[in-house]
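Visitor: Dropping a structure here in structure tokens format, bear with me for questions.
The values are calculated or read from the model by the stated rules, or taken from the named source; none is laboratory data. Model, not experiment: these values are computed from the prediction. Cβ placement follows ideal geometry from the backbone for every residue including glycine, while neighbour counts extend to all protein chains displayed.
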Amino acid sequence: MRDMLSIMLRKEGYDVTLAGSGQEALQRVGEFGFDCIITDIRMRGVDGHELLREIKKLDPESCVMMMTAYSSVESVIEALRDGAADYFVKSRTTTEEIKLRLRKVLESEQLRRENVRLRRELGRRGRPTELIGDSPAFRRLLEVIDRVAGAESTVVIAGESGTGKELVAREIHLRSPRANGPFVTINCGALPETLLESELFGHLRGSFTGAHKDKQGLFQVANGGSLFLDEVGETSGAIQVKLLRALQEREVVPVGGTKPVPIDVRLLAATNTDLEQAVAEGAFRADLFYRLNVIPIRVPPLRERIEDIPRLVDHFIKLYCEAFSIPLKTITGDALEVLQTYSWPGNVRELQNTIERAVVLHEGSSIERADLPERVLTRAPAPVGPVQDRGERSLRQLERDEIERLLAETGGDKTKVAQVLGIHLSTLYRKIRAYGIDDV
């Protein structure tokens with residue numbers, strides 16, 4: 001029966017793995033991922049019921065079909081109670097019925113996963129990651145998002161750390177024809193090259209130490225949806241070559257493999273560095289830059305949209321009062337004025353952290369000026385004009401200056417600097433080396 005099913009399902013285009021016993025099946029399930037497992041009930045050693053229970057311990061969402069030569073009401077009830085997706089008697093079920101039942105089980109499983117994904121996606125919309133604002137700069141950003149969402153073109157989202165580049169990417173995805181597909185994110189600057197390669201493109205079992213089973217890369221996971229690459233400017237030359245191939249050929253080759261895997265993904269990338277300057281300096285491939293930079297979007301820093309600060313403050317106060325079960329607080333006009341004159345080097349993320357701190361630490365019903373951090377109270381007013389007014393300096397130069405200033409202010413505490421800037425500590429170290437900043 002096992003060999004017959006294998007031949008039949010392979011003819012239907014399924015990728016089939018065989019196991020000669022329940023113990024072997026359990027071992028294979030622990031090593032690989034399967035869309036569905038079909039098992040007999042009567043087997044030597046580990047029988048089908050025990051195998052089902054053990055599989056569910058490994059992965060409660062596993063899809064398992066049970067088959068037997070001897071049907072009984074008790075056996076059916078036990079299988080369904082333990083989580084079997086279907087149950088059939090071999091002698092009473094034709095091959096066509098098996099194919100139909102398998103197809104229905106897989107479709108049902110796909111629908112379940114899609115519902116889970118949609119619930120998660122809907123849940124994200126209520127989190128503190130919503131795009132909030134009504135300033136002219138913010139309205140222009142929303143107009144650009146609307147225009148590019150319907151296209152399939154790649155997008156590079158540029159902006160300082162903490163401005164909300166991932167939120168912009170998510171909004172593009174949610175307004176696009178791919179909204180029902182997955183939105184997958186990865187921070188390229190937070191992972192070493194070898195791990196990033198495996199995460200993006202997947203790997204085959206045995207391709208490196210610790211690769212105990214095949215793993216899909218995020219390009220495959222994001223099929224039918226969008227893949228967001230944060231800090232794409234931090235990728236190595238080798239990763240950039242593979243990204244270029246993925247964009248050009250619409251396929252990826254897993255680590256340790258030779259067979260290309262087709263992909264259907266819209267790529268959205270973000271950077272807080274000047275990629276054009278990185279290309280000029282030889283730090284980023286020109287051909288990849290032009291492939292990525294089909295539609296560039298600039299996210300304005302918070303100092304260019306100070307009119308949005310009251311709405312953002314109100315949003316974060318409500319958010320954290322609800323999260324910590326605290327009676328709703330207000331903020332005094334004096335405190336709000338201070339927030340609107342601070343330059344916010346960490347942008348919206350820094351503002352969010354500041355409000356969270358004030359909500360948690362202040363015991364009264366209204367947040368006052370004295371409840372704000374010292375750095376906010378003592379910093380000079382925010383510059384009035386946009387970035388270009390500040391001596392025509394590049395984004396990289398502005399970032400270098402900001403890192404140097406924060407290092408000096410914190411006495412060289414890199415952990416605090418990374419928190420203020422909203423970047424990973426390893427990314428901060430790379431930027432310090434790249435910009436040749438003297439260690440404090």
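Visitor: With Thr185, Thr163, Thr209 as the choices, which residue is outside any helix (DSSP H, G or I), over 30 Å from Ala137 (Cα atoms), of a type in the set (Val, Ile, Thr) and in the same structural domain as Asp274 (by TED's automatic domain parsing)?
Guide: Working: Thr185 fails: over 30 Å from Ala137 (Cα atoms); Thr163 fails: over 30 Å from Ala137 (Cα atoms).
Unique residue meeting the criteria: Thr209.
Visitor: Still on this structure, I have one more. Among (1) surrounded by fewer than 17 Cβ atoms within 10 Å (Cβ to Cβ); (2) within 30 Å of Arg303 (Cβ to Cβ); (3) modelled with pLDDT of 90 or more; (4) not hydroxyl-bearing (Ser, Thr, Tyr), where does Ala190 come up short?
Guide: (3)
Visitor: Can you find a residue in the stretch 371-382 that is surrounded by 16 or more Cβ atoms within 10 Å (Cβ to Cβ), modelled with pLDDT of 80 or more, not small (Gly, Ala, Ser) and not in a helix (DSSP H, G or I)?
Guide: yes
Residue-wise test of (1) part of a helix (DSSP H, G or I); (2) closer than 26 Å to Asp401 by Cα; (3) touching a strand residue (DSSP E or B) at 6+ places or on another chain (Cβ under 8 Å).
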site	(1), (2), (3)
Cys321	yes, no, no
Pro327	no, no, no
Val338	yes, yes, no
Arg357	yes, no, no
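Visitor: Continuing with the same structure: Within the stretch 224-254, count every residue that is touching a Lys or Arg at 6+ places or on another chain (Cβ under 7 Å) and hydroxyl-bearing (Ser, Thr, Tyr).
Guide: The qualifying residues number 1.
Visitor: With the condition kept exactly as written, say whether any residue in the stretch 261-275 is without any contact (Cβ under 8 Å) to a residue 60 or more places away in the chain and more than 27 Å from Leu174 (Cα to Cα).
Guide: Of all residues in the stretch 261-275, those without any contact (Cβ under 8 Å) to a residue 60 or more places away in the chain come to 261-265.
If we keep only those that are more than 27 Å from Leu174 (Cα to Cα) too, we end up with none.
No: the stretch 261-275 contains no residue that is without any contact (Cβ under 8 Å) to a residue 60 or more places away in the chain and more than 27 Å from Leu174 (Cα to Cα).
Visitor: While we're looking at this one, here's another question. If I ask for residues that are surrounded by fewer than 19 Cβ atoms within 10 Å (Cβ to Cβ) and farther than 19 Å from Leu288 by Cα, which ones from the stretch 149-166 would you list?
Guide: Ala149, Gly150, Ala151, Glu166
Visitor: If Leu18 meets every condition in (1) more than 18 Å from Tyr87 (Cα to Cα); (2) aliphatic (A, V, I, L, M); (3) surrounded by 13 or more Cβ atoms within 10 Å (Cβ to Cβ) apart from one, which number is that one?
Guide: (3)
Visitor: Hey, another quick one. Of the numbered conditions (1) of a type outside the set (Lys, Arg); (2) surrounded by 17 or more Cβ atoms within 10 Å (Cβ to Cβ); (3) part of a helix (DSSP H, G or I), Trp344 fails exactly one; give the number of that condition.
Guide: (3)
Visitor: Within the stretch 66-91, take every residue that is assigned to a helix (DSSP H, G or I) and in contact with a Ser or Thr (Cβ under 8 Å, 6 or more places away or on another chain) and give me the one that is surrounded by the fewest Cβ atoms within 10 Å (Cβ to Cβ). Full working, then the answer.
Guide: Of all residues in the stretch 66-91, those assigned to a helix (DSSP H, G or I) come to 73-81, 90-91.
Add one more test, that the residue is in contact with a Ser or Thr (Cβ under 8 Å, 6 or more places away or on another chain), and what stays is 75, 90.
Details: Ser75: 17, Lys90: 15.
The residue in question is Lys90.
Visitor: When you go through (1) touching a residue at least 40 places away in the same chain (Cβ under 8 Å); (2) exposed (fewer than 13 other Cβ atoms within 10 Å of the Cβ) one by one for Arg42, which number turns out not to apply?
Guide: (1)
Visitor: Here is a further query. For the subset of the stretch 193-206 comprising residues that are buried (at least 21 other Cβ atoms within 10 Å of the Cβ) and among the hydrophobic types (A, V, I, L, M, F, W, C), which member is nearest to the chain's Cα centre (by Cα)?
Guide: Only one residue fits best here, namely Leu200.
Visitor: Continuing with the same structure: Kindly list, by first and then second residue, each pair from a residue in the stretch 51-65 that is part of a loop (DSSP other than H, G, I, E, B) to a residue that is surrounded by 15 or more Cβ atoms within 10 Å (Cβ to Cβ) and modelled with pLDDT of 85 or more, limited to pairs with Cβ atoms under 6 Å and residues at least 6 apart or on different chains.
Guide: Pairs that qualify, where the first residue is part of a loop (DSSP other than H, G, I, E, B) and the partner is surrounded by 15 or more Cβ atoms within 10 Å (Cβ to Cβ) and modelled with pLDDT of 85 or more, are Ser62/Ile55; Cys63/Cys36; Cys63/Ala85.
Visitor: Can we say Glu24 is within 28 Å of Gly206 (Cβ to Cβ), part of a helix (DSSP H, G or I), among the acidic types (Asp, Glu) and outside the structural domain of His203 (by TED's automatic domain parsing)?
Guide: Working: within 28 Å of Gly206 (Cβ to Cβ): yes; part of a helix (DSSP H, G or I): yes; among the acidic types (Asp, Glu): yes; outside the structural domain of His203 (by TED's automatic domain parsing): yes.
Considered against the rule, which asks whether it is within 28 Å of Gly206 (Cβ to Cβ), part of a helix (DSSP H, G or I), among the acidic types (Asp, Glu) and outside the structural domain of His203 (by TED's automatic domain parsing), Glu24 comes out as yes.
Visitor: Further, regarding this structure: Assess whether Ala246 counts as being assigned by TED's automatic domain parsing to the domain that holds Ala169, in a strand (DSSP E or B), in contact with a helix residue (DSSP H, G or I) (Cβ under 7 Å, 6 or more places away or on another chain) and within 27 Å of Asn180 (Cα to Cα).
Guide: When the stated conditions are applied, Ala246 does not pass them.
Visitor: Identify, please: which residue in the stretch 413-440 is assigned to a loop (DSSP other than H, G, I, E, B) and surrounded by 13 or more Cβ atoms within 10 Å (Cβ to Cβ) and is, among those, modelled with the lowest pLDDT?
Guide: Just the residues of the stretch 413-440 that are assigned to a loop (DSSP other than H, G, I, E, B), to begin with: 413, 422-424, 435-440.
Okay, now just the ones that are also surrounded by 13 or more Cβ atoms within 10 Å (Cβ to Cβ), so 413, 422-424, 435, 437, 440.
Details: Asp413: 82, Gly422: 64, Ile423: 71, His424: 66, Tyr435: 78, Ile437: 84, Val440: 51.
It comes out as Val440.
Visitor: Here is a follow-up. Checking the condition closer than 20 Å to Cys188 by Cβ and more than 22 Å from the chain's Cα centre (by Cα), which residue from Gly282, Gly233, Gly256 passes?
Guide: Numbers: Gly233 fails: more than 22 Å from the chain's Cα centre (by Cα); Gly256 fails: closer than 20 Å to Cys188 by Cβ.
Unique residue meeting the criteria: Gly282.
Visitor: Now for a different question. Only residues that are of a type outside the set (Ser, Thr, Tyr), under 22 Å from Lys11 (Cβ atoms) and over 35 Å from the mean Cα position of the chain (by Cα): list them for the stretch 77-99, please.
Guide: Phe88, Lys90, Glu96, Glu97, Ile98, Lys99, listed by residue number.
Visitor: Moving on to the next point. Quick check: is even one residue across the stretch 214-231 within 15 Å of Ala286 (Cα to Cα), touching a residue at least 24 places away in the same chain (Cβ under 8 Å) and surrounded by 23 or more Cβ atoms within 10 Å (Cβ to Cβ)? Outline the logic, then answer.
Guide: Filtering the stretch 214-231 for residues within 15 Å of Ala286 (Cα to Cα) gives none.
For the stretch 214-231, residues within 15 Å of Ala286 (Cα to Cα), touching a residue at least 24 places away in the same chain (Cβ under 8 Å) and surrounded by 23 or more Cβ atoms within 10 Å (Cβ to Cβ): absent.
Visitor: Which members of the stretch 1-17 meet the condition of being under 13 Å from Thr95 (Cα atoms), part of a loop (DSSP other than H, G, I, E, B) and not charged (D, E, K, R)?
Guide: Met1
Visitor: Can you confirm whether the stretch 40-47 contains a residue that is in a strand (DSSP E or B) and outside the structural domain of Ala211 (by TED's automatic domain parsing)?
Guide: We begin by selecting, within the stretch 40-47, every residue in a strand (DSSP E or B); these are 40.
From what is left, the residues that are outside the structural domain of Ala211 (by TED's automatic domain parsing) are 40.
Checking the stretch 40-47: at least one residue is in a strand (DSSP E or B) and outside the structural domain of Ala211 (by TED's automatic domain parsing).
Visitor: Restricting the stretch 283-319 to residues that are charged (D, E, K, R) and in a loop (DSSP other than H, G, I, E, B), which is surrounded by the fewest Cβ atoms within 10 Å (Cβ to Cβ)? Explain how you work it out, then say what you get.
Guide: Of the stretch 283-319, the ones charged (D, E, K, R) are 285, 287, 291, 298, 303-305, 307-308, 311, 314, 318.
The next check asks that each one be in a loop (DSSP other than H, G, I, E, B); those that pass are 285, 305.
Numbers: Arg285: 18, Arg305: 23.
Within the stretch 283-319, the match that is surrounded by the fewest Cβ atoms within 10 Å (Cβ to Cβ) is Arg285.
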